[in-house]
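This report concerns only the one structure given below.
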Amino acid sequence: MGRGSAVMVCAAVVLCVLLLHSEVAQAAVYTVGGSGGWTFNVDSWPKGKRFRAGDVLAFNYGSSYHNVVAVNRAGYNSCRPPRGAKTYQTGKDRIKLVKGQNFFICSFPGHCESGMKIAITAV
């Protein structure tokens with residue numbers, strides 16, 4: 001390989017690294033519910049925010065009193081998790097958004113019905 005070819009390969013590698021880094025650097029972290037955290041009447045919290053695929057939602061809550069369940073639209077509307085839904089229960093959960101619609105509820109009795117649910121569309 002000639003000197004010019006080696007320079008081109010090196011430049012291509014550097015460009016790839018920069019592109020990968022810029023994708024990661026653009027991900028934002030959102031604390032669901034703001035300072036109040038994941039709690040009742042948080043269903044309007046996403047309004048006015050622009051979410052992207054890869055952004056992270058930080059769910060902060062008392063794990064003895066709440067959880068976070070990733071659900072589909074039917075689970076969101078009915079406040080019932082579908083079979084096999086992923087349940088988070090650490091109280092400090094971090095969930096990466098996928099492109100399209102993302103739905104989350106608390107499955108403790110009555111909590112989802114009291115507004116402890118969010119629907120987010122990530123572009």
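Structure notes:
- In this structure Ser107 has an accessible area near 50 Å², from a 1.4 Å probe over the protein heavy atoms.
- Distance from the Cα centroid of segment 67-112 to that of segment 38-63 is 11 Å (rounded to whole angstrom).
- Ranked by the mean number of other Cβ atoms within 10 Å per residue, highest first, peptides 53-59, 87-93, 66-72 order as 66-72, 53-59, 87-93.
- Lys96, Lys86, reordered so the largest accessible area comes first (probe 1.4 Å): Lys96, Lys86
- Per atom type, segment 38-103 shows carbon and sulfur on 46% of its accessible surface, probed at 1.4 Å.
The values are calculated or read from the model by the stated rules, or taken from the named source; none is laboratory data. Please read these numbers as outputs of a predicted model, since none were measured by experiment. All Cβ positions, glycine included, derive from the backbone under ideal geometry; neighbour counts span all protein chains shown. To get the accessible areas, we keep the full protein, side chains included, count just its heavy atoms, and leave off ligands, DNA and RNA. Shrake-Rupley method; radii C 1.70, N 1.55, O 1.52, S 1.80 Å.
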